[in-house]
Amino acid sequence: MFGHAGYELRPLIDAFRARHPDSDVLFSEVTGADPFAALRAGEADAHVLWLPVAEPDLTVGPTVLTSGRVLAVAAGHPLAGRRGVSLEDLAGERVADLGPAAPEYWLESMVPARTPSGRRIPRGPAARTFNEILTLVAAGHCVHPLGELAARYNNPPGVVFVPIHDAPILEFALVWLSVTDSPAVRALARTAAGLGPVAIG
């Protein structure tokens with residue numbers, strides 16, 4: 001999962017462990033640059049990913065988190081002093097380029113290439129991890145849209161998180177490789193469906 005999402009999923013994990021004491025949940029981090037790699041390599045049983053996920057070999061389970069969105073900007077950026085920004089404010093602003101391994105439709109849902117009115121949002125410089133994105137933002141090389149979870153658990157020097165007031169709510173769901181669908185993953189999904197999603201912000 002991304003960043004500190006594991007903390008927010010404590011009710012789900014506690015419920016799963018109580019109902020299935022012979023199974024456990026261990027956490028690892030997903031990067032936006034290659035979000036499906038660990039699933040396809042068999043290195044993880046399930047991921048928590050923002051939607052949509054439309055991969056023919058992956059199963060999308062229940063939504064476990066919902067979140068608003070923020071724009072990470074350098075402390076000296078003109079948008080840093082705002083109480084909120086619009087997606088139109090990204091016109092002409094550079095956003096980090098996460099590279100070719102993540103599908104364009106998936107990146108577009110978080111980091112659009114154009115504003116709602118059609119104005120271009122250029123991509124670059126390259127970043128492969130969350131910390132690389134924040135380092136580039138702090139240096140003034142780009143701005144970057146993120147989930148509100150980033151603002152809740154991070155306070156890096158030189159970076160300000162400004163709410164994006166007109167962006168759709170993010171939904172994060174359990175996702176797993178369909179051919180390796182396991183009883184434990186199905187049990188985790190059933191538990192998540194019964195509890196419903198945690199709302200961030």
Quick count over the range 113-145, residues being out of contact with any helix residue (DSSP H, G or I) (no Cβ under 8 Å at 6 or more places or on another chain), of a type in the set (A, V, I, L, M) and in contact (Cβ under 8 Å) with a residue 40 or more places away in the chain, is 6
Every listed condition ((1) farther than 14 Å from Tyr105 by Cβ; (2) free of Cβ contacts under 8 Å to residues at least 60 places away in the same chain; (3) not charged (D, E, K, R)) holds for Val48 save (2)
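β-branched (Val, Ile, Thr) and within 22 Å of His47 (Cβ to Cβ): which single residue out of Val85, Val111, Val95 fits that description?
Val111
Could you check the range 66-79 and list, in sequence order, the residues that are over 24 Å from Pro197 (Cα atoms) and open to solvent by 20 Å² or more (accessible area, probe 1.4 Å)?
Answer for the range 66-79, where residues must be over 24 Å from Pro197 (Cα atoms) and open to solvent by 20 Å² or more (accessible area, probe 1.4 Å): Ala75, Gly76, His77, Pro78.
The values are calculated or read from the model by the stated rules, or taken from the named source; none is laboratory data. Every value quoted in this text rests on a predicted model; they were computed, and no experiment measured them. Quick reminder, even Gly has a Cβ in these numbers, built from the backbone with ideal geometry, and neighbours come from all protein chains shown. The accessibility values were calculated without ligands, DNA or RNA, using every heavy atom of the protein model including side chains. Shrake-Rupley method; radii C 1.70, N 1.55, O 1.52, S 1.80 Å.
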